[in-house]
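Report on the following structure.
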């Protein structure tokens with residue numbers, strides 16, 4: 001199965017391997033948990049800012065959805081045995097800040113729709129990876145050119161992303177009012 005975010009050099013399997021399927025399921029579970037929590041938010045909570053982050057909760061939900069294609073593209077680069085170059089934390093922070101400025105008025109419906117669509121596409125792309133692709137390692141500029149496996153990169157980015165932000169959203173909602 002090919003998706004719009006598939007890397008042309010990555011070999012795919014028609015039946016997902018156990019590890020790829022487990023990774024995809026964890027991504028889907030995290031996205032579902034984030035979507036469920038976000039869907040239940042009041043309008044005031046949707047616009048509440050996350051402490052130490054500054055972004056609105058709704059913007060962060062949209063951010064997770066927006067990042068899935070990029071995270072998968074970078075993982076597919078590793079799956080193909082190629083280095084990830086030119087990606088730095090400064091670039092990531094700038095990308096996040098630009099996204100926040102440009103999406104301050106994102107609606108809950110739009111963010112949840114994008115989250116569902118991009119999580120589904122990301123899970124399908126992960127399921128298309130075989131064990132060899134998951135085991136491929138190459139330097140990653142985001143980690144000082146340390147050689148990382150595709151599986152590690154997926155776990156540390158696309159799979160973890162919704163869980164990470166959901167925890168921060170829950171903490172923000174439990175915090176004292178602004």
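Rule-based calculations on the coordinates, nothing more; no lab input. The model shown is predicted, which means the values in this text are computed figures rather than measured ones. For neighbour counting, all protein chains shown are included, and Cβ atoms are generated from backbone atoms with ideal geometry for every residue, glycine included.
Brief remarks on what is shown
- Relative to the dominant Cα principal axis of the chain, helix 57-79 is inclined by about 10°.
- Ranked by how many other beta carbons lie within 10 Å on average, peptides 136-145, 76-85, 90-99 from highest: 76-85, 136-145, 90-99
- Alpha-carbon centroids, the range 13-78 and the range 127-157: separation in whole Å: 19
- Once the Cα atoms are used to define both axes, helix 18-39 deviates from the longest principal axis of the chain by about 10 degrees.
- The stretch between residue 87 and residue 22 holds 20.7 nm of extra length on full extension. This uses 0.36 nm per residue minus the Cα-Cα distance.
- According to the Cα-based calculation, Rg over Rh for the range 31-82 is 1.15, with Rh computed by the Kirkwood formula.
- Packing here is the average count of other Cβ atoms within 10 Å per residue, and on that basis the peptides 148-156, 160-168, highest first, run 148-156, 160-168.
- Note that the chain shows a convex hull volume over its alpha carbon atoms of 109 Å³ per residue.
- Peptides ranked, highest mean first, by Cβ atoms within 10 Å: ranges 45-51, 115-121: 115-121, 45-51
- Alpha carbon convex hull of the range 55-142, projected area averaged over orientations, nm²: 5.9
- Modelled spin-label separation between residue 164 and residue 33, with each label point placed 7 Å from Cα along the Cα-to-Cβ direction: 1.5 nm.
- Structure-based [θ]222 nm, the chain - -39500 (n - 2.57) summed over DSSP H runs of at least 4, per residue, nearest 500: -19500 deg cm²/dmol
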